[in-house]
Structures are given as C-alpha cells and as structure tokens.
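Everything below concerns the one structure shown next.
Read the figures in this text as sums done on the coordinates, not as results from a lab. As the structure is a computational prediction, the values presented were derived from the model and not from experiment.
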Amino acid sequence: MRIELIQLQKLGDERGSLVAIEYDKNIPFEIKRVYYLFNTKLGVMRGSHAHKSLQQVAIALSGSCKFILDDGKERVEILLDNPSQGLYIGPGMWREMYDFSPDCILLVLADQVYEENDYIRIYQEFIEGI
Ligand code: T46
C-alpha cells in the first residue's frame, strides 16, 4: 500500500461533528509525531520531496489543498477538502502540495520523529533510487 484514502467515521450528533483518530482502528501505524501546516501563502508549492521509510496520514482539518503523488511510474492528483478523510502516504512517494485555500489547516500524523536523513529532496535521486 503506497497511498489510500481513509474514511474517518464521523461521530457527530445534533451539536456538531467529532472524529477520533486511534492507532489500529483507523490509522495503520503507531503515531510518533503530529504536525500541521497552516497560513500557507497563495500560489505556494510545498513538499517536493519523497521519504525513504516514513508513513504519514494527512487530513485537511479546514479548507482544502491538493497533492500530487508520484511513485516514479504514475502521478495522481488528490484534493483534500474533508476533515473526515485521511490520505495515507507510504514510503517512496514523491509529493507536491499546492492550491492551499487561505483557511487550510493540514494535519499530518507520522510514524517516525523528524529525521532529515529520511528525505529525498532531489527528483532525479528519487527516480534513480526506484
Ligand atoms: C511531508 C509534507 C506533507 C521540523 O523541524 N520538524 C518537522 O516535523 C517537520 C515536518 C518539519 N520541520 C522543519 C524542517 C524545515 O525547516 O520545518 C521546516 C519546513 O519543513 P518542510 O520544508 O519539510 O515542509 P513541507 O511542507 O515541504 O513538508 C512537510 C513535511 O516535511 C513532509 O514530511 O510529507 O509536509
């Protein structure tokens, strides 16, 4: 599994919505790190790298953004605009994120702590490593 859209069950009632994120229930790894992107400026592209072994799930908590995901053979575009949908991204996927709406808060759950050595930041190196 390299990418997958995960439906996160909405546990709302008449007061509003709630989503619970739990290891082994709706997230396929033990969460070691959580970060979020917000206040991304108009027209900016983020990402442009791959990870050697990191697994992540990205959720647009508010607003929207798009991902291009590339495994070296195929590129797919995914719109994230729903806080009850998680995008699982496995290792070895080049990613670019763009078209962030001004109100976008992109939450990312990761299975490893931050490690710069896990990044491949040059596309040619990524392709050669496949
Ligand atoms: C990814 C996409 C979806 C840290 O110090 N700790 C962290 O946990 C992270 C994620 C970043 N940083 C530092 C490294 C840079 O100096 O924060 C700065 C911005 O990070 P970066 O340019 O890598 O951010 P994005 O938005 O291009 O990519 C991030 C994640 O790094 C990446 O793993 O998959 O979001």
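For the reader, a short list of remarks on this structure follows.
- Karplus-derived 3J(HN,Hα), 6.51/-1.76/1.60, for each residue of region 81-87, Hz, glycine and proline x: 8, 9, x, 9, 10, x, 9
- Here Lys32 is the anchor, and the aspartates and glutamates within straight C-alpha reach of less than 16 Å, apart from those fewer than 8 places off in the same chain, are Glu22, Asp24, Asp111, Glu115, Glu116, Asp118.
- Bridges between two residues of the chain, per DSSP, are antiparallel at a rate of about 95%.
- Between amide H atoms placed 1.01 Å from N, distances below 5 Å from Ile27 occur with Glu22, all of them 5 or more places distant or on a separate chain.
- Taking one quarter of the surface of the C-alpha convex hull of the chain gives a mean projected area of 8.2 nm².
- Estimated from helices alone, the mean residue ellipticity of the chain at 222 nm is -1000 deg cm²/dmol (sum of -39500 (n - 2.57) over DSSP H runs with n ≥ 4, per residue).
- Average Cα contact separation per residue, the chain, under 8 Å, 6 or more apart, as relative contact order %: 35
- By the rule of a C-alpha distance below 18 Å, with chain neighbours fewer than 8 residues away ignored, the aspartates and glutamates paired with Lys66 are Glu4, Glu74, Glu77, Asp81, Glu96, Asp99, Asp103.
- Built amide H within the under 5 Å cut-off of Gly72, gap 5+: Trp94
- The alpha carbon centroids of region 31-59 and region 73-90 are separated by 12 Å.
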